[in-house]
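Student: Structure in structure tokens, see below.
The values are calculated or read from the model by the stated rules, or taken from the named source; none is laboratory data. All of these numbers come straight from a predicted model, not from anything done at the bench. Cβ sites come from the backbone with ideal geometry, for glycine too, and all protein chains shown count toward neighbours.
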Number of protein chains: 4
Amino acid sequence: MQLGMIGLGRMGGNIVRRLMKNGHTAVVYDKDARAVAALAAEGAVGADTLEDFIAKLDKPRTAWVMLPAGKITEATIEALAKLMQKGDVIIDGGNTFWQDDVRRGATLKEKGLHYLDVGTSGGVWGIERGYCMMIGGDKAVVDRLDPIFKTLAPGIGDIPRTQGREGRDPRVEQGYIHAGPSGAGHFVKMIHNGIEYGLMQAYAEGFDILKNAGIEALPPEHRFEFDIADIAEVWRRGSVIPSWLLDLTSSALAENQTLDNYSGFVEDSGEGRWTVNAAIDEAVPAEVLTAALYARFRSRKDHTFAEKILSAMRAGFGGHKEPPKKPDTKA
Amino acid sequence: MQLGMIGLGRMGGNIVRRLMKNGHTAVVYDKDARAVAALAAEGAVGADTLEDFIAKLDKPRTAWVMLPAGKITEATIEALAKLMQKGDVIIDGGNTFWQDDVRRGATLKEKGLHYLDVGTSGGVWGIERGYCMMIGGDKAVVDRLDPIFKTLAPGIGDIPRTQGREGRDPRVEQGYIHAGPSGAGHFVKMIHNGIEYGLMQAYAEGFDILKNAGIEALPPEHRFEFDIADIAEVWRRGSVIPSWLLDLTSSALAENQTLDNYSGFVEDSGEGRWTVNAAIDEAVPAEVLTAALYARFRSRKDHTFAEKILSAMRAGFGGHKEPPKKPDTKA
Amino acid sequence: MQLGMIGLGRMGGNIVRRLMKNGHTAVVYDKDARAVAALAAEGAVGADTLEDFIAKLDKPRTAWVMLPAGKITEATIEALAKLMQKGDVIIDGGNTFWQDDVRRGATLKEKGLHYLDVGTSGGVWGIERGYCMMIGGDKAVVDRLDPIFKTLAPGIGDIPRTQGREGRDPRVEQGYIHAGPSGAGHFVKMIHNGIEYGLMQAYAEGFDILKNAGIEALPPEHRFEFDIADIAEVWRRGSVIPSWLLDLTSSALAENQTLDNYSGFVEDSGEGRWTVNAAIDEAVPAEVLTAALYARFRSRKDHTFAEKILSAMRAGFGGHKEPPKKPDTKA
Amino acid sequence: MQLGMIGLGRMGGNIVRRLMKNGHTAVVYDKDARAVAALAAEGAVGADTLEDFIAKLDKPRTAWVMLPAGKITEATIEALAKLMQKGDVIIDGGNTFWQDDVRRGATLKEKGLHYLDVGTSGGVWGIERGYCMMIGGDKAVVDRLDPIFKTLAPGIGDIPRTQGREGRDPRVEQGYIHAGPSGAGHFVKMIHNGIEYGLMQAYAEGFDILKNAGIEALPPEHRFEFDIADIAEVWRRGSVIPSWLLDLTSSALAENQTLDNYSGFVEDSGEGRWTVNAAIDEAVPAEVLTAALYARFRSRKDHTFAEKILSAMRAGFGGHKEPPKKPDTKA
């Protein structure tokens, strides 16, 4: 099957590669002509402009947009919509805010165009592991493009099957899901990322407590010096908490147990924030997911203004001076 | 190798079974004579009393205590210590508070007895998966009992090896670790459980948001009805958040997507609380692990007194009446 | 000075009364003709319709809308805008979302109308204590209407003056502030309410711990039965934590120490949610304000779906049964 | 009445001064002879040694220990107990852990000595405002020493009386309370401080959101530059959130709106930690009080190890680089 891909970064490029390796064809476009040339050398049909891209696609066209969420994606989809014809499909595979998908799905439908939002997970590992895809949009279109999704998905592989799933949608076991109408794909992907933040923070706090189990503030008989790399590894095997995130942690610690190659300045993408917003809209108390998000906010600050307010109050009621700036734990 | 086991519940009994299946022998004791008889029928040597148990063990004796943490374990270990001789070993495989291990290790050492604290993970699945063990105590004793631990551990199996671990303690890859001196085993197990709470709550909140994505309080165009069982399953395959806990969740949802076979009244064991206490002693901000613990506290209450205080204040300043008791979301 | 008031509920009616008591005049309108008649009997000019209301106001007109935030307020302001003339002023004194104010301020300015958003605090006590007002909009209009705001504000009274405020805006000490352009008033009021949630929850948790200090789960020598009403009262006097909210709590507890006249089902208004949204937009970690909001969400549920997920996982890995449904603490 | 005071720091010294100003007498002792001399110059009887201190006190003696909680206080009370006689009273007015009081109360009772634990609030302002005191111990002793407590307490002053307190203990309105047996005084003081942390953090977060309302990450039409000093002041007057802590905040901001005279490195005393421990022992979810404590932990670190774990995971699954170390908000 033929797919058009706009945006040939790590994700877009590897998606094309995985498709071509499995017998599909691709028309590719990127602002960076070198990225186009590179994929063309691997067998894709390169396009110089968006118009050229459209012209080179078979009808009905399928254009997968894999760009940073926000203005660039929005502008590209608007431009595509002007060039495309009834029956063509636009896929947004990036990390778009699901309410934008709802809006776009409705707007494009008025023009006779189809729109799919595909939350795509897999990161740098996707090209070999396959991509877990969460898809929103019309059933007929999702079904039509099934060969693409099936190829990109990881497939069952050696992950054990879940009992009791007889009679359920078999695509799910392959690693992709038609989650619902426009927006549903990115909504599910958003929650995936929100959970990811929570899981990461849970491990991170646990290792932090282990790391600081030997500090001088503790009574000598209650201090421990743990081999954190070994602990991460042992938990991978027979404990209750193995996970892919723990695998990655064990790898990182095996490489450098101190992690002093990292500063601990942690970015957050939109999904964590949107997850909290969704929780609030639904009046669902999402304590852990929110705490995980806030930990990232905090990681990017030297001090908050809130902390200065605390210091000012303490000086006010107790004449308390601030302690010397000496971290009381290890980082 | 011979092991004595006191406490033949699900954990203790299965540990004995896994050992015997792999060529070890066992002397077993339990207050419930039927439990002793059952294991004796499977090949263990049954003991009628603690004295009988001691008498039937080869010297130096190894007695693994697998009882509920707290008074029963404490009393049993005290009784054992009186009956045992220099060089004998007591293992506490339960969920004991690590500071009790530190104390016991020192007290028993004065008597010439050895003490190991073994945090044992694996639950009902341990007999087939093997047990992840986190061991505290003297190196010589841990080394001497290696055949036991090696047999109980899951082994490498088909879990991929972590790169960069060359030259590190090979036992870790088998699923057991000598974590440090007395207390270290249960400390690491405590953190394991603390992380477990956090991971569970992260998934739980994510699914809660998905579950409530269709409530009437939301604008109609922003409502979704998700198939939560399918979403749990798809995330097992190629996403960033696969884990054993997700496997279990997917199974439970495949069986009954509404989970109305559960009330949501969630117990907490001591480890979650001790984890938070340890974090506080170390001045480590463990937001997520604490929030996960509190969510369990909250799950066991109809209403907190705190909430009534809020209602009273609201009545006081605004004349606000309490809303009708109608949950605004799905559970 | 003359003020038009639309919405004669507790807040709107009392604002009119406080103004009239201090020499101002009022034209009043409400869908409920009885509310209009009641205030007319106290000296206000009653209006039968919005058109009548507009006709009875001197030019340039000032219409204060005091209705529930959302659709009713929006529709009323739109209707007013059609009837009003260049130079007239619309005040939204309700709990409107500040981004709606930003939009409205811009839209109305195009029509030559002025718009003020006034966050109004004071609740049922405002008629005697006065209202703390946080005002957004054009300086000239705020200055022109100063006689209204000055009368509604509490004034300095016997609250001690803060040192170091010489040369600062003297209105602030009277209890009202021109906080900035359109939206600024409701933004500041939103943060006020967000803080209010946090303060309330802090007291509530403290009293909850005191209330449960005698539960049987604690060792007998560590149990206390506290007189919570007395503790609330003593903290009003010389401690670090006196506040108006504590005054209200002490009153409520003096009346009924068990608070069993409340169920603990706690509503949240939009401001707490918007505060968290604002924190997230700014990447400010607002742990306490968010936890306070979530405590309210939780208060309105019997059980969350998240809790059932936890139960399902626990059954999955450990065969744990749910404990009997017996709250472990007092509420 | 005569009181012996050990520890003549800011608190101990001022307590003596307030007593002497109101007709009581004092015997004073401190390791620092200059502190003794200073108070002797103001009318107190100075003691050179603990023995001298005991000798100069009338029987039955009353010795108030006002030292940093922990080892110094413990050692001093042990030394006092050896020198004192049946019927004498030891008061611990510091910030002692309440479980130590329970233990001491029992131990001293065996020797025929009385023990009172007095949680004392008031800080540097106590000498003029009076001290709010929360007292644990035997009723007869508390009653006998009432003249002391009555003088130290703030009295009713101009703080309005709470309705419905007729028939209740009148001491409470004076600002002191006999909270229960040994430990009860410090338990109540501990909760007071726990609440204090929560209140402080609630204000702090609110001001942090206001402070950052103009950052560039926000859409231009949604940015505000607030005068935070004025906002703190206006909330003191007629809003729902006035408090003594807000008074102090308003003062600090009037002096220096940027608070750049503070680094935001915030100490925590034991009470906040013990409050969380108490909540956990009681299974009371104290989200806000805990979050407030953790905010202080976090304020004293450059980066946590947890954050480095997050960075390592993100590098592992997504190849994400850490963002440049540029705080995204104002502090």
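Student: Which of (1) in a helix (DSSP H, G or I); (2) in contact with a strand residue (DSSP E or B) (Cβ under 8 Å, 6 or more places away or on another chain) does A:Gly238 not meet, given it meets every other one?
Tutor: (1)
Student: What are the residues in the stretch C:119-130 that are touching a Pro at 6+ places or on another chain (Cβ under 7 Å) and assigned to a loop (DSSP other than H, G, I, E, B), if any?
Tutor: Passing the criteria: only C:Gly130.
Student: Being more than 7 Å from every other protein chain (Cβ to nearest Cβ) and either more than 20 Å from A:Asp247 (Cβ to Cβ) or surrounded by fewer than 20 Cβ atoms within 10 Å (Cβ to Cβ) (or both) narrows it down to one of B:Glu216, B:Glu255, so name that one.
Tutor: After applying the criteria, what remains is B:Glu216.
Student: Here is a list of conditions, (1) farther than 24 Å from C:Gly70 by Cα; (2) crowded, with 21+ Cβ neighbours inside 10 Å; (3) out of contact with any Leu (no Cβ under 8 Å at 6 or more places or on another chain), and C:Lys21 meets all of them except one; can you say which number that is?
Tutor: (2)
Student: Quickly run through the stretch C:1-24 and pick out the residues that are of a type outside the set (A, V, I, L, M) and not in a loop (DSSP other than H, G, I, E, B).
Tutor: Hits for the stretch C:1-24 are C:Gln2, C:Gly4, C:Arg10, C:Gly12, C:Gly13, C:Asn14, C:Arg17, C:Arg18, C:Lys21.
Student: Which number in (1) closer than 22 Å to C:Ser121 by Cα; (2) crowded, with 21+ Cβ neighbours inside 10 Å marks the one condition that C:Glu74 misses?
Tutor: With (1) closer than 22 Å to C:Ser121 by Cα; (2) crowded, with 21+ Cβ neighbours inside 10 Å applied to C:Glu74, the lone miss is (2).
Student: Contact list please: Cβ distance under 7 Å, first residue in the stretch B:302-331 and within 9 Å of C:Phe265 (Cα to Cα), second residue assigned to a loop (DSSP other than H, G, I, E, B) and at pLDDT below 90, pairs at least six apart or on different chains.
Tutor: B:His303/C:Ala331; B:Lys308/C:Ala331; B:Ser311/B:Glu322
Student: When residues of the stretch D:54-73 are filtered for being farther than 18 Å from D:Phe149 by Cβ, small (Gly, Ala, Ser) and modelled with pLDDT of 95 or more, how many remain?
Tutor: Residues in the stretch D:54-73 being farther than 18 Å from D:Phe149 by Cβ, small (Gly, Ala, Ser) and modelled with pLDDT of 95 or more: 1 in total.
Student: Something else now. Could you list all residues from the stretch B:56-95 that are in contact with a strand residue (DSSP E or B) (Cβ under 9 Å, 6 or more places away or on another chain) and among the small types (Gly, Ala, Ser)?
Tutor: Within the stretch B:56-95, B:Ala63, B:Ala69, B:Ala81, B:Gly87, B:Gly93, B:Gly94 meet the criteria.
Student: All but one of (1) surrounded by fewer than 23 Cβ atoms within 10 Å (Cβ to Cβ); (2) among the charged types (D, E, K, R); (3) in the same structural domain as C:Ile195 (by the TED database) hold for C:Asp230; state the number of the condition that does not hold.
Tutor: C:Asp230 satisfies every listed condition except (1).
Student: Turning to a different aspect of this structure: Just the residues that are aliphatic (A, V, I, L, M) and either more than 27 Å from B:Pro219 (Cβ to Cβ) or modelled with pLDDT under 95 (or both), please, taken from the stretch A:180-229.
Tutor: A:Leu199, A:Met200, A:Ala202, A:Ala204, A:Ile209, A:Leu210, A:Ala213, A:Ile215, A:Ala217, A:Leu218, A:Ile228, A:Ala229
Student: Do you know which residues across the stretch C:175-192 are more than 7 Å from chain D (Cβ to nearest Cβ) and either within 16 Å of D:Leu245 (Cβ to Cβ) or surrounded by fewer than 24 Cβ atoms within 10 Å (Cβ to Cβ) (or both)? Can you show your working first?
Tutor: Of the stretch C:175-192, the ones more than 7 Å from chain D (Cβ to nearest Cβ) are C:178, C:181-183, C:185-186, C:189-190.
If the condition is that a residue be more than 7 Å from chain D (Cβ to nearest Cβ) and either within 16 Å of D:Leu245 (Cβ to Cβ) or surrounded by fewer than 24 Cβ atoms within 10 Å (Cβ to Cβ) (or both), then C:Pro181 is the only one that fits.
Student: Shifting gears a bit: Among (1) under 28 Å from the mean Cα position of the chain (by Cα); (2) in a helix (DSSP H, G or I); (3) closer than 23 Å to B:Ala283 by Cα, there is one condition A:Met313 misses while meeting the rest; what is its number?
Tutor: Looking at each condition in turn, A:Met313 falls short on (1).
Student: When you look at C:Gly155, is it within 18 Å of D:Val234 (Cα to Cα) and at pLDDT 95 or above, yes or no?
Tutor: Numbers: within 18 Å of D:Val234 (Cα to Cα): yes; at pLDDT 95 or above: yes.
Yes: the conditions hold for C:Gly155.
Student: Here's another thing I want to ask about it. From the set of residues in the stretch C:120-129 that are modelled with pLDDT under 95 and in contact with a Gly (Cβ under 6 Å, 6 or more places away or on another chain), which is surrounded by the fewest Cβ atoms within 10 Å (Cβ to Cβ)?
Tutor: Ranking the qualifying residues of the stretch C:120-129, first place goes to C:Val124.
Student: Check A:Asp260 against each of (1) closer than 22 Å to B:Pro285 by Cα; (2) of a type outside the set (Ser, Thr, Tyr); (3) facing another protein chain (nearest Cβ under 7 Å); (4) in contact with a Lys or Arg (Cβ under 9 Å, 6 or more places away or on another chain) and name the one condition it does not meet.
Tutor: A:Asp260 satisfies every listed condition except (3).
Student: Before we move on, is C:Ile177 of a type outside the set (S, T, N, Q), outside any helix (DSSP H, G or I) and over 27 Å from the mean Cα position of the chain (by Cα)?
Tutor: The answer is no for C:Ile177.
Student: Of the residues C:Ala69, C:Ala81, C:Ala75, C:Ala63, only one is touching a residue at least 12 places away in the same chain (Cβ under 8 Å) and assigned to a helix (DSSP H, G or I); which?
Tutor: So the residue among C:Ala69, C:Ala81, C:Ala75, C:Ala63 that is touching a residue at least 12 places away in the same chain (Cβ under 8 Å) and assigned to a helix (DSSP H, G or I) is C:Ala81.
Student: Go through the stretch C:283-327 and report how many residues are out of contact with any helix residue (DSSP H, G or I) (no Cβ under 8 Å at 6 or more places or on another chain), facing chain B (nearest Cβ under 7 Å) and farther than 29 Å from B:Asp247 by Cβ.
Tutor: The qualifying residues number 2.
Student: Another question about this same structure. So for the stretch D:102-117 (the condition being among the aliphatic types (A, V, I, L, M), farther than 25 Å from D:His186 by Cα, at pLDDT 95 or above and over 24 Å from the mean Cα position of the chain (by Cα)), does at least one residue qualify?
Tutor: Looking through the stretch D:102-117, none of the residues is among the aliphatic types (A, V, I, L, M), farther than 25 Å from D:His186 by Cα, at pLDDT 95 or above and over 24 Å from the mean Cα position of the chain (by Cα).
Student: Related question: Among (1) outside any helix (DSSP H, G or I); (2) closer than 26 Å to B:Gly318 by Cα; (3) free of Cβ contacts under 8 Å to residues at least 12 places away in the same chain, which single condition is D:Asn261 missing?
Tutor: Answer for D:Asn261: the failing condition is (2).
Student: With the structure loaded, tell me whether D:Val27 is assigned to a strand (DSSP E or B), under 22 Å from D:Thr151 (Cα atoms) and not small (Gly, Ala, Ser) or whether it fails that test.
Tutor: So D:Val27 passes the test.
Student: Quick test of your reading of the structure: C:Ala279 fulfils all but one of (1) surrounded by fewer than 24 Cβ atoms within 10 Å (Cβ to Cβ); (2) farther than 30 Å from C:Ala217 by Cα. Name the failing condition by number.
Tutor: (1)
Student: Got at least one residue in the stretch B:200-209 being in contact with a Lys or Arg (Cβ under 6 Å, 6 or more places away or on another chain), surrounded by 22 or more Cβ atoms within 10 Å (Cβ to Cβ), within 9 Å of chain A (Cβ to nearest Cβ) and in contact (Cβ under 8 Å) with a residue 12 or more places away in the chain?
Tutor: no
Student: Which of the residues that make up the stretch D:158-191 are closer than 30 Å to C:Gly157 by Cα and either without any contact (Cβ under 8 Å) to a residue 24 or more places away in the chain or not assigned by the TED database to the domain that holds D:Tyr131 (or both)?
Tutor: D:Asp158, D:Ile159, D:Pro160, D:Arg161, D:Thr162, D:Gln163, D:Gly164, D:Arg165, D:Glu166, D:Pro170, D:Val172, D:Glu173
Student: Can you work out which of the residues in the stretch C:131-174 that are aliphatic (A, V, I, L, M) and in a strand (DSSP E or B) is surrounded by the most Cβ atoms within 10 Å (Cβ to Cβ)? Show your work before the answer.
Tutor: Step one: filter the stretch C:131-174 for residues aliphatic (A, V, I, L, M), giving C:133-135, C:140-142, C:145, C:148, C:152-153, C:156, C:159, C:172.
Those left that are additionally in a strand (DSSP E or B): C:133-135.
Details: C:Met133: 32, C:Met134: 27, C:Ile135: 27.
Taking the candidates together, the pick is C:Met133.
Student: For A:Asp227, are the conditions met, namely being more than 7 Å from every other protein chain (Cβ to nearest Cβ) and under 30 Å from A:Lys326 (Cα atoms)?
Tutor: yes
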